[in-house]
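In what follows, a structure is listed as structure tokens, so that the remarks can point back to it.
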Amino acid sequence: MSDRKVRVRFAPSPTGPLHMGGVRTALYNYLLAKKLGGDFILRIEDTDQERLVPGSEQYIIDALKWCGIEPNEGIGFGDGPCAPYRQSDRKAAGVYTQYAQQLIDAGHAYYAFDSKEELDEQRKRFEGMGKAFAYNAVTRQNLKNSLTLSEDEVKKRIESGEHYVVRIKIPRNEEIRLQDIIRGWVVVHTSQLDDKVLYKSDGMPTYHLANVVDDYTMNISHVIRGEEWLPSAPLHVLLYRYLGWENVMPQFAHLPLILRPDGNGKLSKRDGDRLGFPVFPLSGELTDTKTGKPETFTGYREKGYLPDGFINMLAFLGWNPGTTQEIFSLNELVQAFSLERVSKSGAKFDPEKTKWFNQQHLRMRTDAQLAEALIPLLKAIGIETTPAFAQEVCRLMKEKVQFTHELRDQGMFFFNDPEMYDADVIKKRWNEQSAGFIAKVKDALAAATVWKAADLEATFKATAEANSINPGSVMQLFRVCVSGAGGGPVLFEMVELLGKETIARRLEKALNTIGK
Ligand code: GLU
């Protein structure tokens, strides 16, 4: 264990909306940083300018804000000591060129002048032999690069402004070993690697060079990222070595995939569309520059999920605390989190469990907090109410719902007199005695002097018994007369909240409607 300050980064490429897998990567970075008193950085990796999707950088920022996992340095969150935090800006500031040069000077990288057409031809030739072409230790000897061309020729080409790329010179016969916190030792033979492009003559680094240079210059202690980057890690190790930075190389942790609910393959937007759940934190629309087609997508926020429920669910996709506790606030996650408890194997996404997490977090909200969320939802459909009334509605409804909007939708009868009455209950329970009984209840309640649930219940029961009716047999009918619905919150608490006037009006309406 070194006493190095923990500095982690989330380094998305702005190529579309941030998938929930990306949010999970950001979350684990955030949790580790907070747990160990470190820094959490947002770096935008936009070296591949062709794949940029306008608006996605802002989407990433908005998503992290909504989730409550805010970086303390980086794009959208204030500059820190390592600004700028966007790779295109770092390129403009000349951050990368010197390192490409350093690699060339030390013989670990070389210039290559092969045109796209020439490389395509090679590819075809290899295909014809049933093989895949790779620019590597074998093929580079027959290609157009500074290893095969004379020094003069190379100089001439560069000076004449010919387009070139800089490629890493992968050693021929070596084993690269790296220790991943989640996966243990990973060993790759260099024959598996190709001479990746690091830098282009327009001064733009590729992902690999920019990523390593930035992690070094930003003093990153841990690289926590998705499993899809594991194959690139040996190349990154070589770059650290060749640039003389091996002693400060970050520790790696490659996170497991998030799998479809049936466990078959990686979770994608298409699965969400097909099975009816979001795979993005926020709804939105972004237009792919390449296709020019706007793509709309649905988010957890708009589906009514609470950010802490969403985060709790995400935390468990690949990690567990080693206890039976499942419900965690963000702060509790910070306390409990460790990379050592992240699993190697893919994590199956479970949409039903996701709803359950939301429900648990909704129940942990105070009635006042829920009311605050409910009031605008009511306002949106033209219903005005007081905070005190909304708070009581939340108190009575909160055990019954999974989402805030269900407080409104399933509690509509608190705000509107019923237009319809549960047909099944009416069919089963309404008989020739019913109208007379409801009328008596109406009078008894109108005469009530104390408007409290227990007293109202007692009045109701007494009225039933005085008419030789078993109160239990008419309770649901009374509920339907008052609310229209066969089920709902504790009956007489609901009656108390609705108030004397409303109850009198509704019973009158029921008598004039049902059975007529
Ligand atoms: N820019 C890469 C991505 O979009 C980041 C990989 C890394 O974290 O090293 O996922």
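Annotation: lysines with alpha-carbon distance below 23 angstrom to LYS500 (same-chain offsets under eight excluded): LYS440, LYS442, LYS452, LYS461, LYS509.
Counting only DSSP beta bridges with both residues in the chain, the antiparallel share comes to about 55 percent. Computed from backbone phi, the HN-Hα couplings of segment 57-69 come to 4, 5, 4, 4, 4, 4, 5, 5, 5, 4, 6, x, 10 Hz, rounded to whole numbers (Karplus: 6.51 cos²θ - 1.76 cosθ + 1.60, θ = phi - 60°; Gly and Pro given as x). Since only MET494, LEU239, ASN312 are under comparison, the one whose Cα sits farthest along the positive direction of the charge dipole of the chain, derived from C-beta charges on Lys, Arg, Asp and Glu, is MET494. The smallest convex shape that holds all Cα atoms of segment 103-218, its convex hull, gives 138 Å³ per residue.
Between ARG4 and SER283, the simple label model (points 7 Å from Cα in the Cβ direction) yields a spacing of 4.4 nm. Among the GluC sites (Glu not before Pro) found in segment 287-385, those both in a DSSP coil and sparsely packed, with 10 or fewer other Cβ atoms within 10 Å of their Cβ, are GLU384.
Cross-link reach is defined here as a Cα-Cα straight distance under 18 Å, omitting same-chain residues fewer than 8 places apart; for LYS144 the aspartates and glutamates meeting it are ASP114, GLU117, GLU118, ASP120, GLU121, ASP152, GLU153, GLU159, GLU162, ASP194, ASP195. From its DSSP helices (H runs of at least four residues, each -39,500 (n - 2.57)), the chain gives a residue-normalised ellipticity at 222 nm of -13000 deg cm²/dmol.
Normalised by 2.2 N^0.38 Å, where N is the number of residues, the C-alpha radius of gyration of segment 251-291 stands at 1.51. For LYS196, the residues whose amide H sits under 5 Å from its own are ILE168, ignoring neighbours fewer than 5 places away on the same chain, with H placed 1.01 Å from N. In this structure the amide hydrogen of ALA347, modeled in the peptide plane, comes within under 5 Å of the amide hydrogens of LEU257, ILE258, LEU259, none closer than 5 places in sequence on its chain. Per-residue 3J(HN,Hα) values for segment 145-154, derived from phi via the Karplus relation 6.51 cos²θ - 1.76 cosθ + 1.60 with θ = phi - 60°, read 8, 6, 8, 10, 8, 6, 4, 4, 4, 4 Hz in sequence order (x marks Gly and Pro). Distance between the pseudo-spin-label points of ARG505 and ASN142 (7 Å out from Cα toward the beta carbon): 8.9 nm. Rounded to whole numbers, the Karplus 3J(HN,Hα) couplings from phi for segment 400-413 are 9, 10, 9, 10, 4, 5, 6, 4, 6, 5, 8, x, 3, 5 Hz, using 6.51 cos²θ - 1.76 cosθ + 1.60 with θ = phi - 60°, and x at Gly and Pro. Rg over Rh for segment 446-505 works out to 0.93, using Cα positions for both radii and the Kirkwood form for Rh. Extension gain for ASN173-ASN331 works out to 52.1 nm (0.36 nm per residue, less the C-alpha to C-alpha distance). A simple spin-label model places the labels of ASP89 and GLU295 2.6 nm from each other, with each point 7 Å out along Cα-to-Cβ.
Need one word for segment 325-465: rounded, prolate or oblate. Basis is the Cα gyration tensor (sqrt eigenvalues a ≥ b ≥ c); a/c below 1.5 gives rounded, then a/b vs b/c decides. Prolate, because a/c is 1.5 or more and a/b exceeds b/c. Taking all Cα-Cα distances within segment 1-118, those exceeding 21 Å account for 49%. Once divided by 2.2 N^0.38 Å, the Cα radius of gyration of segment 414-479 becomes 1.15. If you plug the beta carbon distance of SER473 and ASN264 into 1/(1 + (r/R0)^6) with R0 = 51 Å, you get a FRET efficiency near 0.50.
Relative to the longest principal axis of the Cα atoms of the chain, the long axis of helix 233-242 makes an angle of roughly 40 degrees.
The slack in the chain from ILE514 to GLU406, taken as 0.36 nm per residue of separation less the alpha-carbon distance, amounts to 36.2 nm. Around the amide H of GLY226, modelled in the peptide plane, lie the amide H atoms of LEU255, all under 5 Å away and 5 or more residues distant in sequence or on another chain.
Using only alpha-carbon positions in the chain, the gyration tensor eigenvalues give semi-axes of 66, 22, 20 Å once each is multiplied by 5 and square-rooted (largest first).
Readers should treat all values here as calculations from the given coordinates under stated rules, not as data from a laboratory. Small disclaimer: the values here were computed from a predicted structure and weren't measured. Please note: Cβ atoms are built from the backbone with ideal geometry, for glycine as well, and neighbour counts cover all protein chains shown.
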